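Chemist: What follows is a structure written as structure tokens; I'll ask about it next.
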Amino acid sequence: MGVSFLSTAPSLIPMAPQPSSTPRHSLQAGRIRCNRIECNGTDEDGFRRRDVLKCVGATLGMELLASSGPFVEMAAAADLIQLRQRSEFRSNVKGTLFTAIKGNPDIIPSLLTLALNDAMTYDKATKSGGPNGSIRFSSEISRPENKGLSAALNLLEESKKEIDSYSKGGPISFADLIQYAAQSAVKSTFIASAVRKCGGNEEKGNLLYTAYGSNGQWGLFDKQFGRADTQEPDPEGRVPQWEKASVQEMKDKFTAVGFGPRQLAVMSAFLGPDQLASEALLATDPDVAPWVQKYQRSRETVSQTDYEVDLITTLTKLSCLGQQINYEAYSYPVQKVDFSKLKL
């Protein structure tokens, strides 16, 4: 049981300086007369008037804070419920996407480019575009830079039907779906690499990735869950045709969204269906070549930590360019129990 700080207030009264004139109250003929009190407000040995007010103010503040406890606890409980709901839904989304990708591994390069192209429409000057799901519109997916990506979009549309069927917090946005599909595709390639290093043994490969992989680096990416879909295509001309672009054109585009040669090199798998061909082109540029070589060496190691961590970091930043994340998305009211219907 808590003890009120107000209970200590009376003990402060004797510490206050005594009046220098007549008593505060004097009895005369059965009546009370109030006299003026002269207190020395600057007496260093006394308890100043402002100190008393401060003490009382602090005490009242503590009382109010204590009385608000139940409301704070309710708010904290609501936040925890909301976090759990989002976490469970996100886990289910990943499961659905991972299963869909595992059954269609050839679609991985297109899923990566789909996520890249949806995000690369971002324009820093106007704060428009970005990973907002605009690539789902027929007028945008049919553009030259998005050639060959329709199959990836169709796969996600089918996955969305399944996801929306079990979602309790409303349909998932294409903006979230596309970026989380890229995450699942990237993790699939990481695991596939570990399996290869284990001689094709899938069980050992999964254990290797669990022990040495960078799965724990996805925390920030996972928090960025709640992008809203735009209702119109993004402007044309913002995304290069990666397979036809020069290295300088790629560098210029990456620079325009806040990236440099390092990020360009680590995202080579997103620049078309043939990662090795993309890296060979990037390696001709003196600014990008050192990073290409760094990530090639990293992929030859057991953990490939440098490559994985830099790729996850870049994808995380790319996946929320210019977007306002709704951290309450996909949560839903908890069903109340009607105790009156319970038979006791």
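Values in this text are rule-based calculations from the coordinates and carry no lab data. Everything numeric in this text was worked out from a predicted model, so none of it was measured. We place every Cβ from the backbone using ideal geometry, glycine too, and count neighbours over all the protein chains shown.
Chemist: Quickly rank 226-235, 179-188 as a protection proxy: mean count of other C-beta atoms within 10 Å, highest first.
Modeler: Order by mean packing, descending: 179-188, 226-235.
Chemist: State whether the range 99-211 is rounded, prolate or oblate according to the following rule on the C-alpha gyration tensor (a ≥ b ≥ c being the square roots of its eigenvalues): a/c under 1.5 gives rounded; otherwise a/b larger than b/c gives prolate, and the remaining case gives oblate.
Modeler: Prolate, because a/c is 1.5 or more and a/b exceeds b/c.
Chemist: Sticking with this one: Let me confirm the definition first: pairs of Lys residues in the range 89-185, 8 or more apart or on different chains, C-alpha distance under 28 Å. How many are there?
Modeler: Here the count comes out as 15.
Chemist: Taking H as built 1.01 Å from N, whose amide H comes closer than 5 Å to the amide H of SER128, not counting residues under 5 places away?
Modeler: ASP123
Chemist: Sticking with this structure for a sec: Alpha carbon centre of the range 190-259 versus the range 73-122: separation in Å?
Modeler: 13 Å
Chemist: Rounded, prolate or oblate: which one fits the range 88-318, using the alpha carbon gyration tensor with axes a ≥ b ≥ c (rounded when a/c is under 1.5, else prolate when a/b beats b/c, else oblate)?
Modeler: Since a/c reaches 1.5 but b/c is at least a/b, the shape of the range 88-318 is classed as oblate.
Chemist: Once phi is turned into θ = phi - 60°, what whole-Hz ³J(HN,Hα) does the Karplus curve with 6.51, -1.76 and 1.60 give for every residue of the range 311-326, x standing for Gly and Pro?
Modeler: 5, 4, 4, 5, 5, 4, 5, 4, 6, 9, 4, x, 9, 8, 7, 8
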